[in-house]
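See structure below.
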Amino acid sequence: MAEADLKIPETIERRYDYDQEYISDILRSVKTIAMVGASDDKTKFSYGVLRQLSEVGYEILPVNPNPKTVEIRGLKVYRSLQDIDRPIDMVDVFRPKEELYMWAEEAIAIGAKVLWGQIGVYDDRAAALAEAAGLRVVMDRCPKIELFRPFWKPRLDLELNLPDKPGAATA
């Protein structure tokens, strides 16, 4: 779907202050996450996020065009989103913000449901494009952090409504 086919406003005023329920609903509903810019370097943030999300039960599909990177933590590395042979719920982007629009186009092309830009990765036009195509969008956030954010709040009334496994329906 091309930008010309969508109604994208000339000026976009987007706030990155997402409602916690919006974020929680995304994290509960997705099962398969394509991680664009995944690295096998244990010192990189993408490695830690991949590790944590994989350990809590998400199916992570690392995407890295480097032909020398064939596996990360025992997971097959794909060269592009188009190379992935199954449906993808969320595209998590660990690339420069200048590339987010391109990844939004690719996320739309493969039928992803969510476009997620990591911390520092944001582009209002990419968000508008993805939203106009029906994707939910989160930018400048980390799913690893958001997954555990409720535990960091010093509240006595904390009530989590998370399923046992990511992607499981809640009552």
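The values are calculated or read from the model by the stated rules, or taken from the named source; none is laboratory data. Quick caveat: nothing in here was measured; it's all calculated off a predicted structure. Quick reminder, even Gly has a Cβ in these numbers, built from the backbone with ideal geometry, and neighbours come from all protein chains shown.
Just a few scattered comments:
- Any hit, segment 5-17, residues being modelled with pLDDT of 90 or more, closer than 23 Å to Met102 by Cβ and either surrounded by 13 or more Cβ atoms within 10 Å (Cβ to Cβ) or hydrophobic (A, V, I, L, M, F, W, C) (or both): no
- Checking each residue in segment 49-88 for being touching a helix residue (DSSP H, G or I) at 6+ places or on another chain (Cβ under 7 Å) and in a helix (DSSP H, G or I) picks out Val49, Gln52, Leu53, Leu81, Gln82.
- Matching residues in segment 44-71 - criterion: being among the polar types (S, T, N, Q) and farther than 18 Å from Lys144 by Cα: Asn64, Asn66, Thr69
- Segment 19-37, residues that are of a type in the set (Val, Ile, Thr) and farther than 13 Å from Leu135 by Cα: Ile23, Thr32, Ile33, Val36
- Selection over segment 96-125 of residues that are at pLDDT below 95 and more than 15 Å from Val36 (Cα to Cα) gives a count of 3.
Per-residue answers, yes or no, for (1) of a type in the set (S, T, N, Q); (2) in contact with a strand residue (DSSP E or B) (Cβ under 7 Å, 6 or more places away or on another chain); (3) farther than 22 Å from Glu146 by Cβ:
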| site | (1), (2), (3) |
| --- | --- |
| Arg73 | no, no, no |
| Tyr78 | no, yes, yes |
| Asp89 | no, yes, no |
| Pro96 | no, no, no |
| Met102 | no, no, yes |
| Val114 | no, yes, no |
| Arg136 | no, yes, no |
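Yes or no, residue by residue, for (1) surrounded by fewer than 16 Cβ atoms within 10 Å (Cβ to Cβ); (2) small (Gly, Ala, Ser):
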site	(1), (2)
Val70	yes, no
Asp83	yes, no
Pro87	yes, no
Met90	no, no
Glu98	yes, no
Met102	yes, no
Ala126	no, yes
Ala133	no, yes
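- In segment 71-105, the residues that are in contact with a Leu (Cβ under 9 Å, 6 or more places away or on another chain) and of a type in the set (Ser, Thr, Tyr): Tyr78, Tyr101
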